[in-house]
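Shown next, in structure tokens, is the structure this report addresses.
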Amino acid sequence: MVETRMIKAAICREFGAPLSIEEITVAPAGPGQVKVDVEACAICHSDIHFIDGAWGGRLPAVYGHEAAGTVAEVGDGVDNVAVGDRVVISLIRSCGSCPGCAKGMPVTCTGRFTIDKTRPLTDANGDSLVHGLKTAAFAEEAVVDASQVVKIPDEIPMTSAALLGCGVITGFGAVTNTAKIETGSDVAVIGCGGVGLNAVQGATIAGAAQVIAVDIADDKLAVAREFGATAGLSAAAPDMADQVRALTNGAGVDYVFVTVGAKSAIEQAFSLVAPCGAVVLVGMTATGVMIEVDATAIAGNSQRVLGSKMGAGRLPIDIPLLVSLYQDGRLKLDELVSKTYPIEEINGAIESVKRGEARRNVIVFGNQPGS
Ligand SMILES: [Zn+2]
Ligand SMILES: [Zn+2]
């Protein structure tokens, strides 16, 4: 039995306000759970949506869900990892038996988990904190269901491994799991941040003929070319759809991946897609955002609209695949890390993400064994 100790965490006490760095305790790993010494946790736009109150929810909460670290404790019945293992932590959680899990879609798992009832996080006053995004990894320790962790080899830096659990699997999996693009497809990716770059490299690895990156920022288009994009177009250009058609013999692309959660970007996607093509919605908008599309054009052109949550990821399959692609030098991970910050500077790191400066800003915890 490992003693609980006070650890540092970033707490959201008020939507839209800076996070508060405080000492908290994390309960020991219960049956079927794992406690991880967090060594790296990236800042994802989903964290920012929650911090800003775009998706509601209760407070105070600890967010952070794109993480990696070393297993410190395993609860009864855990057999996929052991103490000392280096792991990726994801918010994808699988009960294994609900309809979503049975379909091989754990991202839609509706199972019940004891960790949701036990409230594992407590602040210095003894008050309970919300276990945000089922993970709460903006903290030196995280306790999660065992299905949320996957062992990784020693060679991957923790800062790079952390990205696998959300940004990489979300962008890459949208291409390979959700859309299952055919070799030779023409693809457009709208938004070239952390998720978009992974859609770009996913499409490249999956054998796309053309990967057209679309973003409002020229510097992001340049980076997208480093990740495999064959062309980069400004999202702000009034003739952008014409430019896409000029690149595709007038047809448009077979797949458009919209990695930003913006109404305008989603609506723009429908002007780029070819007959029989698909628009894949990857980025999440704020709750309640509605889009307007030409329904006749979709039906008349036999087009599809696909939702892709977390890249339809299945951690025990996708994480080892992504790791092997990284080890083969085919998947860029280290290049996705813009900057690392200590937890005390998390608010500056978040502001930098909001300004659009970062591929991924990563919080690192320097006092962990083995880091
Ligand atoms: Zn995320
Ligand atoms: Zn389930």
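Bear in mind that the values in this text are calculations on the coordinates, not laboratory data. Here the structure is a predicted model, which is why all the values come from computation and not from measurement. So basically every Cβ, Gly included, is an ideal-geometry build from the backbone, and we count neighbours across all protein chains shown.
Tabulated values for the structure
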read-out: Where labels lie 7 Å past Cα in the beta-carbon direction, separation of ILE216 and SER271 in nm; value: 1.5
read-out: Protection proxy ranking of 127-134, 18-25 - average other beta-carbon atoms within 10 Å, highest first; value: 127-134, 18-25
read-out: Gyration tensor (alpha-carbon) shape descriptor, the stretch 283-371, a/c threshold 1.5; value: oblate
read-out: Listed peptides 182-193, 167-178 by packing density, highest first (mean Cβ within 10 Å); value: 167-178, 182-193
read-out: Ellipsoid equivalent to the chain - semi-axes via the Cα gyration tensor, in Å; value: 36, 20, 19
read-out: Cα lying deepest toward the dipole's positive end in the stretch 306-371, options ILE343, GLY366, ILE317, charges on Cβ; value: ILE317
read-out: At 0.692 mPa s and 37 °C, Stokes D of the stretch 229-355 from Kirkwood alpha-carbon radius, µm² per second; value: 188
read-out: Gain on full stretching of the segment that runs from ILE205 to THR114 - 0.36 nm per residue minus C-alpha separation; value: 28.9 nm
read-out: Most fluctuating residue given options ARG86, ARG225, ARG304, as computed from a GNM of the chain linking Cα atoms under 10 Å; value: ARG304
read-out: Per residue convex hull volume, Cα atoms of the stretch 133-178, in Å³; value: 113
read-out: Relative contact order (%) - criterion: Cα under 8 Å, at least six apart; region: the chain; value: 18
read-out: Estimated dipole of the stretch 34-132 in Debye, rounded to 20 [Cβ of Lys and Arg +1, of Asp and Glu -1, Cα centre]; value: 420
read-out: Cα-centre dipole for the chain with unit charges at Cβ (Lys and Arg positive, Asp and Glu negative), debye to 20; value: 780
read-out: Extension gain (nm, one decimal) between ARG13 and MET290, 0.36 nm per residue minus Cα-Cα; value: 96.8 nm
read-out: Ranked packing of 138-149, 283-294, most packed first, by mean Cβ within 10 Å; value: 138-149, 283-294
read-out: Cα pair distances in the stretch 92-236, grouped into 5 Å bins until the bin that holds the longest one, percent each; value: 2, 9, 14, 15, 15, 14, 13, 9, 6, 3, 1, 0
